[in-house]
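The values are calculated or read from the model by the stated rules, or taken from the named source; none is laboratory data. Everything numeric in this text was worked out from a predicted model, so none of it was measured. So basically every Cβ, Gly included, is an ideal-geometry build from the backbone, and we count neighbours across all protein chains shown. Quick note on the areas: whole protein, heavy atoms, side chains included, nothing else; ligands and nucleic acids left out. Shrake-Rupley method; radii C 1.70, N 1.55, O 1.52, S 1.80 Å.
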Amino acid sequence: ENKGSECYNKVKKVLQGRDFVRILVFSDTHRQIIDAENVINNLVGVDAVIHCGDHLSDAKRLEAEFPGIDFYYVSGNCDGDSSRPYLLAEFEGKKIFITHGHLYNVKAETECEYKTIRAEGKKLGANAVVFGHTHIPYNRDWGDMVVLNPGSIKSCGTYGVIEIENGKLKAATCSIIW
């Protein structure tokens, strides 16, 4: 039994013959990846990891440490490398728009529920938008699109989980409880 995550039971599945994809989402690790490593090591059935920036080098270190898992990452405002501000990834026919969020005014748009980044996701035909930057977890299913900010595993001990099963995408924000 995994004692590393309070949302473990929410996302626990039988692995035999599974027909779903499980994606972990991190952001704003800011050069402290030990908790992200623990989540990856303790959550069963991780197919992919998304890192929404700050720090890009953390995502690359995690990718090297876990070569059996696919990694998708973008740069954030603290990375100094703005060559990868966003990425559109596809899993099981579902498109996920990945960005850090600083280019979409997310810190100023918390009260209007991130309308700029949602509009960009719609323009790209995304089924989900994942971003960071605010360090504040957010998860909402808007019907046509899921919007997820995992928060910061360093600052507030949170991360996200996306599962795609039978054509349905669902997301959760989770807290570490080491």
Looking at region 116-137, is at least one residue hydrophobic (A, V, I, L, M, F, W, C), more than 23 Å from Val46 (Cβ to Cβ) and buried (at least 20 other Cβ atoms within 10 Å of the Cβ)?
yes
Condition met for Glu113 (charged (D, E, K, R), on the phi > 0 side of the Ramachandran plot and either assigned to a loop (DSSP other than H, G, I, E, B) or surrounded by 20 or more Cβ atoms within 10 Å (Cβ to Cβ) (or both)):
yes
Here is a check on your reading of the model: is Arg61 basic (Lys, Arg), open to solvent by 40 Å² or more (accessible area, probe 1.4 Å) and in a loop (DSSP other than H, G, I, E, B)?
no
Those residues of region 90-101 which are in contact with a Phe, Trp or Tyr (Cβ under 9 Å, 6 or more places away or on another chain) and either open to solvent by 40 Å² or more (accessible area, probe 1.4 Å) or free of Cβ contacts under 8 Å to residues at least 24 places away in the same chain (or both), in sequence order:
Glu92
(1) at pLDDT 95 or above; (2) more than 30 Å from Asn42 (Cα to Cα): which one isn't true of Glu113, the others all being true?
(1)
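Restricting attention to region 76-89, does a residue exist that is in contact with an Asp or Glu (Cβ under 6 Å, 6 or more places away or on another chain) and either in contact (Cβ under 8 Å) with a residue 40 or more places away in the chain or surrounded by 14 or more Cβ atoms within 10 Å (Cβ to Cβ) (or both)?
Within region 76-89, one or more residues are in contact with an Asp or Glu (Cβ under 6 Å, 6 or more places away or on another chain) and either in contact (Cβ under 8 Å) with a residue 40 or more places away in the chain or surrounded by 14 or more Cβ atoms within 10 Å (Cβ to Cβ) (or both).
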Going through Asp70, Asp54 one at a time, which residue ends up being open to solvent by less than 20 Å² (accessible area, probe 1.4 Å) and acidic (Asp, Glu)?
Asp54
Taking region 157-171 only, how many residues are open to solvent by 20 Å² or more (accessible area, probe 1.4 Å) and either touching a helix residue (DSSP H, G or I) at 6+ places or on another chain (Cβ under 6 Å) or closer than 17 Å to Cys52 by Cβ (or both)?
1
